1. Tell me, how many Å apart are the Cα centres for segment 1-53 and for segment 68-103?
2. Under a Cβ-only charge scheme (Lys and Arg +1, Asp and Glu -1), can you give me the dipole magnitude of the chain about the Cα centre, in debye to the nearest 20?
3. Which whole-Hz ³J(HN,Hα) couplings does segment 88-94 yield from phi under the Karplus relation 6.51 cos²θ - 1.76 cosθ + 1.60, θ = phi - 60°, glycine and proline marked x?
4. Hey, can you grab everything whose amide H is under 5 Å from the amide H of residue 7? Only 5+ residues off in sequence or another chain; H modelled, so Pro and N-termini drop out.
5. Can you work out the Karplus-derived ³J(HN,Hα) for every residue in segment 41-47? Use 6.51 cos²θ - 1.76 cosθ + 1.60 with θ = phi - 60°, whole Hz, and x for glycine or proline.
6. Out of (i) 13.9; (ii) 14.9; (iii) 15.4, which label holds the value of Kirkwood radius over Cα pairs in Å that was computed here?
7. Using modelled amide H (1.01 Å from N, peptide plane; none on Pro or chain starts), what sits under 5 Å from the amide H of residue 56, excluding residues fewer than 5 places away?
8. Tell me which of 87, 66, 14 sits at the most positive position along the dipole axis of the chain, charges placed on C-beta atoms (Lys, Arg +1; Asp, Glu -1).
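Readers should treat all values here as calculations from the given coordinates under stated rules, not as data from a laboratory. Just so you know, these numbers come straight off a predicted model, no measurement behind them. Cβ atoms come from the backbone with ideal geometry, glycine included; neighbour counts cover every protein chain shown.
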Amino acid sequence: MKTTLKLPELQSCLISDVIYIEGKSNYSIIYTKTAEPITMAKTLKKFESQLRLHPFLRIHKSYLINQAHLTSQSLSPENSLQLSNGTILPVSRRKREQIKKSL
């Protein structure tokens with residue numbers, strides 16, 4: 001199983017350092033615990049399939065999170081999740097039940 005993620009300009013980062021990935025059309029923004037956000041010309045769906053063997057969870061059409069960076073193992077009353085960097089992300093209504101089961 002791969003442990004690094006290839007980034008632009010011959011960079012790479014550990015998959016375990018990725019907190020979440022935000023999708024914006026045909027681009028994705030990777031948020032890590034060690035660097036500034038990185039924008040890549042790759043869809044969130046491609047990242048989701050690439051990271052399927054790792055503890056990543058699609059919580060919304062725009063967000064793919066690393067479960068290792070969750071601060072709580074349950075949904076907040078506002079149907080959101082908080083990550084280790086303090087970011088609070090919404091959980092979509094369609095994914096809510098699936099998320100509850102996987103947490």
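1. 19
2. I would put it at about 540 debye.
3. Calculated HN-Hα couplings, in order: 10, 10, x, 10, 5, 4, 5 Hz.
4. 12, 13
5. Along segment 41-47, the couplings run 8, 8, 6, 5, 4, 5, 5 Hz.
6. After the calculation, the listed value that fits is (i).
7. Those qualifying (amide H under 5 Å, at least 5 residues apart or on another chain) are 67.
8. Toward the positive end, the furthest listed residue is 66.
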